[in-house]
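S.K.: To start, I am sharing the structure in question, which I have written as structure tokens.
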Amino acid sequence: MRDGGRVQKRTLRRADRRRRFLRDRSLLLMVIPAVVLLLIFNYAPMFGTATAFQNYSIYAGFMHSPWSGLETFRSMFADPLFWQSLENTLVLSLVQLLLFFPIPIALALLLNSVMNNRVRTIVQSVVYLPHFFSWVLAVTIFQEMLGGAGALNQALRQHGYATWDIMTNPDAFKFLVTAQVVWKEAGWGIIVFLAALAAIDQNLYEASAVDGAGRWRRMWHITLPGIRSIVVLMLVLRLGNTLTVGFEQMLIQRGAVGRDASEVLDTYAYYYGVVNANFSLGAAASLFKGVLSLILILAANKIAHLVGEDGLYRK
Amino acid sequence: MNPLDGLRADRRRFLELAGLGAIAFAGSGLLAGCGDAKTTNGPGTTGKDQLKALLPSYVEASNAIKPDIASVQGSNGFFSDAVFLAYPASPVTTATGIPGKGGTYVATTPLWGAIPGTSGNSYYEAVNKALGANVKIQPSDGTNYEKVLPTLFAGDKLPDWIQIPSWNMPKLGFADAVGKFADLGPYLSGDLVKAYPNLAAIPTSAWQCCIWNGKLYGLPVYYGGATFNGMPFYRKDIFDKAGINADEIDSPDKLAALGKELTNANAGQWAFGDMYGYINHMFKFPADPNRWTIDADGKILHRYETPGHLEALNWQNKLATAGYIHPDALADKSQDAKQRFWSGKEVISGDGPGAWTGDDSSSGKAANPTYNRQAFKIFAADGKPEVLMNPSAGMYSFLNGKLSADQIKEALAIANYLAAPYGSAEWLTINFGVDGVDYKMTDGNPVLTEKGSKEVATTYQFLITPLTPTTVKGGDVQATKDYAAWQGDMVKYAVKPAFYGMNVTEPAQYAKLVQPMEDTIKDVRYGRKPVSAYEEALKSWKAQGGDQLRAFYEDIRQKYGTGQ
Amino acid sequence: MTTTTATDLAEQKVRAPSNRPSWEEPPTAAGQTGKGAVLIFTVAVVIVPLWMVVITSLSPQGAVNQASGMVLVPHGITTAAYQQIFTNQLIMHSLLVSLAVTLIGTAISMVVTILCAYGLSRPGSYAHRPILMLLVVTMFFSGGLIPSFLVVTALGGYDSYWSMVLPSAVSVFNILVMRGFFAGTAQELIDAAAIDGASEWRTLWSVVLPTSRAVVAVIALFYGVGYWNTFFNALLYLPDNQKWPLQMVIYTYTLQGNSMPGTGVTNTGQYFGHQQIAPLAIQMAVVTLTLIPILLIYPFVQRHFTKGMLLGAIKG
């Protein structure tokens, strides 16, 4: 399969553009509706990015707001709070990458290994539900279970043990946030991997078992390679979103742990941009984030290619 | 449920409007009072002499009805709400004839609650029939209003009539926005207002808040004669059981001393909730939306710089670190504070004065039959209490600048009808709809029917609100009387803060100073950081612009006075 | 509750027929126990809060105020919260709006996404990399709320139903995931079809789609859930509440528990008839109502996760 692709590719490089265009015109036609929608609803509004270089006022509008060059960026980069928010973002993202990302995959593999259909159906039909809870509700549930007056701490207190302060501890906040993300999103996250597992050819397992491979070897040699390209794709997309860590989740818990632990890029842009009616700062922060994210996803994609995976597209 | 529940004031309760899925946050530092907003065009405020010419004349309602408990005149012109234990038996009519001429006006108001359907709504139909016009009410979700408003301005989609709360104004840079609306001066200033007697009966202090850049733009949603943030409440039933006499608590130290006695963490009971927003009168510092005060030497001080603010932080910080404040309160779960108070998990809890109603007692009694909410009498650390008042109107409606003069006159005639005082026939129609359909008189007071509770929402009232008395809710006459007595005592200590009702527009560059301070204040009041962290933050606040901001206000004082 | 579920699961394990193929070795006791423990824990941490949500939604005001939060052990049951929501005269119409938006929206999104994903899935096809770039960029750059509003209103989307569908019709994330599946799973079949002289349209319709039912179901679920649950576009673009979708209507009920900034009052509760309902009960009723359609739809999606779906296609 892979070799076929390469041969095909080499041939293509030699082909002239016009011939490729004619050959692929149906494919291009198929892409048009999506591209047109994106051009209208995503690209057209991007003129708003220009406000990052303006002293924007909604009353003067985009055409008449005075230009300010790089002034907004200069003051943003000079603000220690901005760098603090970037650092928090990166740390939280890294913790989530390590502690959250593998969990849906592991859960999907576990569910896939359950042979009993009813058990599998029951578990599958339940685990994804927290995805539909709002962050307000999710945090409320955590507070009622683990908060200072929550179920766990009341039990500890009544039995004379020391209480365990997790909901308002700034130092442990990154782990709290990750635990919340695991609880809320892991079940929903397995869906894509279940679909990938469903696409693996079952004959491969039988053949392998007949050849004497045990269950761990089958997982290593058939299951994991079978979902590897999807795992890598999800990882590349996740890395592209490194700078996005739970805006709402942070906003809700800012009061509980304080700014030092919970300020991320998005909340920084919110508090110093939106709240202060400083649209230009909001636009500058979002532009900065966009550029960095694009670099990250392209780098992640490059790495995927280096290790022989497709990532976003085949090399 | 009384649809006017929305109107009593507790300007501070800055919210974490815990909607599901979406939440609206307002940085507490930005809950502005009378629309102070950033702008590029000067301070936006207006001097005293100019004000005089602009303000509508005050003409007391000629057919005022005698209340069951009269309003108490307090200090500095503030007064407590009159109390009606029952709706006047034979309601008078205050507006002559049908005010409208058949015009159609799309009106947008924020609404914090289920939004009723428009078509087939007998309440809307009844009010519009009475108005003689088609006021198409399009309520918008109050929690997301701050996101919708800028799009309406930027996309030129403003309706004919729109209400904007003062706390949404800073994000709009409102002094720049207000030019989109009709200047009402030529219709209402001075004696012109006499053509609209119900508008003329709205106290001057409310109209004063409606002026920006030297012009009268707004129609006030009047809060009352003595509006302030709130006070500490206590559970009298729990106090009685513990043998504590609340009248003996007359200093912050004595209040704090209750912490140990009333906290029993094992049983899930803590002495205090988050008190910070409700103790400013004890320690004498201005709280949002007020920011400034003038000390004994005549120096202008921001509330951050006042010694009282530091003392208050210190006071709460000690309670927090000693474990006397409920852990959920320290986790910033302010939206559940009432439930904690009802269930007795917090014995002493701050809240707005509007929390003290019969509806509240039925909620509390549902959790605990002996529930009894009472407030401490006003006291202060130095024994000389002062309660700084908030602007008497915090929301305003505006007419679109594109309306013709005739349309503006028709809209103002409609506003005159909507501003009909309590006790009138119009008031019942505006607030309760049709007798026997939307409401029924029960024990002398109008109570919404099941149909009414689905159709009636606070909508027309949010375009303009007249003087509203205290009324009986949930059938609890005692709670009404208790509150009235407390308020009558409180107004004796009422004081105007500096720059009262002046709609000062601060230069935009100072907006960024607020958030770091508010963040640090939370760190300290929740016991995460020591008070010294606040003193550090204050130093950088001063250095990074606080001192300049003071100079800006010094300039305002020279040119326009301090609103006293 | 936890224990009940655990026992149920354990019992079912014993009783239910296994789908274990003959070639697979029998499970080890340790493996079974370990798996069982993880699954029971996973289900428990979801079921307990879910139980609290449902019970709170059914609790009278006294029980909610007593608990001062979510109710774990029921003290009385009332459906007042649901009755209050369902008697809103906007509900039926908004339900129709939501169904229409979800069905039409998902249909449009799926067509656009499948076509685009397939169009970009061929290695080395003309301009596929620049087009992918164009797509990826939109994931990270946006003009912001106000420019989007200006574009949609300039095109006549204000006060119009299509503003609920078209601005959010394309999810680049979904296209990339689907493209990944198309490119990864069915390449041999596509090559074979090409040799047979089938057109791209035909290949997509009769070769790729039949072998990609799982991912098509998943992406349809993603879009469907997105359309069903969205209310932010309604908030921005539909000022007239007669046009609102269900989620926007029921969302306004969750606001009742919130104190408005100017007051501290509205928190006490609402009346339904003469019964006062705790705001939290209504909020939890809304959460429960949000879950119901998902619970109805998910089994249909789940069917496509059955193992060995590709079997027939490849052999045939």
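What follows draws every value from the coordinates through simple rules; no lab data is involved. Keep in mind that what you see is a predicted model, and the values were worked out from it rather than measured. All Cβ positions, glycine included, derive from the backbone under ideal geometry; neighbour counts span all protein chains shown.
S.K.: Which percentage, to the nearest 5, of the DSSP beta bridges contained in chain B is antiparallel? Walk me through the numbers before you get to the answer.
M.R.: Details: 31 of 51 bridges.
Once the DSSP bridges in chain B are tallied, antiparallel ones form about 60 percent.
S.K.: Taking amide hydrogens as modeled 1.01 Å from N in the peptide plane, which residues meet the under 5 Å criterion relative to residue B:226, leaving out close sequence neighbours?
M.R.: Under 5 Å from the amide H of residue B:226 lie the amide H atoms of B:79, each far enough along the sequence or on another chain.
S.K.: Another question, then. Just name one of B:466, B:358, B:370: the one whose Cα is farthest towards the positive end of the charge dipole of the stretch B:340-498 (beta-carbon charges, Lys/Arg +1, Asp/Glu -1).
M.R.: Positive-end residue among those listed: B:370.
S.K.: Could you please report the charge total around residue B:282, scoring K, R as +1 and D, E as -1 over all other residues with beta-carbon less than 12 angstrom from its beta-carbon? Write out the running numbers ahead of the final one.
M.R.: Working: positive: B:254, B:284, B:377, B:384; negative: B:250, B:253, B:311, B:382, B:386.
Charge balance in the 12 Å sphere: -1.
S.K.: What range in chain B is the longest one free of trypsin sites (Lys or Arg not before Pro) that are in a loop by DSSP and have at most 12 other Cβ atoms within 10 angstrom? Spell out each step's value before the answer.
M.R.: Values: sites that count: B:299, B:402.
Counting at most 12 other Cβ atoms within 10 Å as exposed, the longest clean stretch of chain B is B:1-298.
S.K.: Within the stretch A:161-223, list the chymotrypsin sites (Phe, Trp or Tyr not before Pro) lying in a DSSP loop whose Cβ has at most 12 other Cβ atoms in a 10 Å radius. All intermediate terms of the calculation are to be shown ahead of the outcome.
M.R.: Values: sites: A:161, A:164, A:173, A:175, A:183, A:188, A:193, A:205, A:216, A:220; in loops: A:161, A:164.
Those that pass, being in a loop and sparsely packed, are A:161.
S.K.: While we're looking at this one, here's another question. Among all helices in chain A defined by DSSP H, which have a length of 24 Å or more along the axis from Cα atoms plus a Kyte-Doolittle mean of at least -1.0? All intermediate terms of the calculation are to be shown ahead of the outcome.
M.R.: Values: long enough: A:80-99 (28 Å, 1.14); A:173-198 (37 Å, 1.40); A:279-306 (40 Å, 1.54).
Correct list, ordered by number: A:80-99, A:173-198, A:279-306.
S.K.: The stretch B:275-294 to the stretch C:17-78: how many Å between their Cα centroids?
M.R.: A separation of 48 Å, based on Cα centres.
S.K.: If you average the C-alpha positions of the stretch B:359-419 and of the stretch B:145-215 separately, how far apart do those two centres end up, in angstrom?
M.R.: 17
S.K.: Ignoring everything except DSSP H segments at least 4 long, calculate the 222 nm mean residue ellipticity for the protein assembly as shown; use -39,500 (n - 2.57) per segment, divide by total residues, nearest 500.
M.R.: Details: 54 runs with 591 residues, N = 1195.
Only helices count here, giving -15000 deg cm²/dmol.
S.K.: Sticking with this one: Scan around residue A:149 for amide H atoms under 5 Å from its own, H built in the peptide plane at 1.01 Å from N, and keep only partners 5 or more places away or cross-chain.
M.R.: Amide H to amide H, under 5 Å and 5 or more residues apart or across chains, residue A:149 pairs with B:328.
S.K.: May I ask you to list the lysines whose Cα is less than 23 Å away from that of residue B:52, ignoring any residue fewer than eight positions away on the same chain?
M.R.: Candidates past the 8-residue exclusion: B:194, B:215, B:409, B:496, B:559.
S.K.: If Lys and Arg each add +1 and Asp and Glu each add -1, what is the summed charge of the other residues whose beta carbon sits under 13 Å from the beta carbon of residue B:264? Kindly include the intermediate steps, with their values, before the conclusion.
M.R.: Values: positive: A:157, B:241, B:260, B:345; negative: B:261, B:346.
Spelling it out: positives minus negatives among the neighbours equals +2.
S.K.: Would you grab the residues whose amide H sits under 5 Å from the one on residue B:394? Only those 5+ places off in sequence or on another chain, please, with H modelled 1.01 Å from N.
M.R.: Distant-sequence amide H within range of residue B:394: B:221, B:223.
S.K.: For the protein assembly as shown, what is the Kirkwood estimate of the hydrodynamic radius, computed as the reciprocal of the mean inverse distance between distinct Cα atoms, to one decimal in Å?
M.R.: On the way: mean 1/r = 0.0312 Å⁻¹.
With all distinct Cα pairs of the protein assembly as shown included, I get 32.1 Å.
S.K.: Once you put a point 7 Å from the Cα of residue A:60 and another 7 Å from the Cα of residue A:83, both along the Cβ direction, what distance in nm separates them?
M.R.: Result: 3.1 nm between the two label points.
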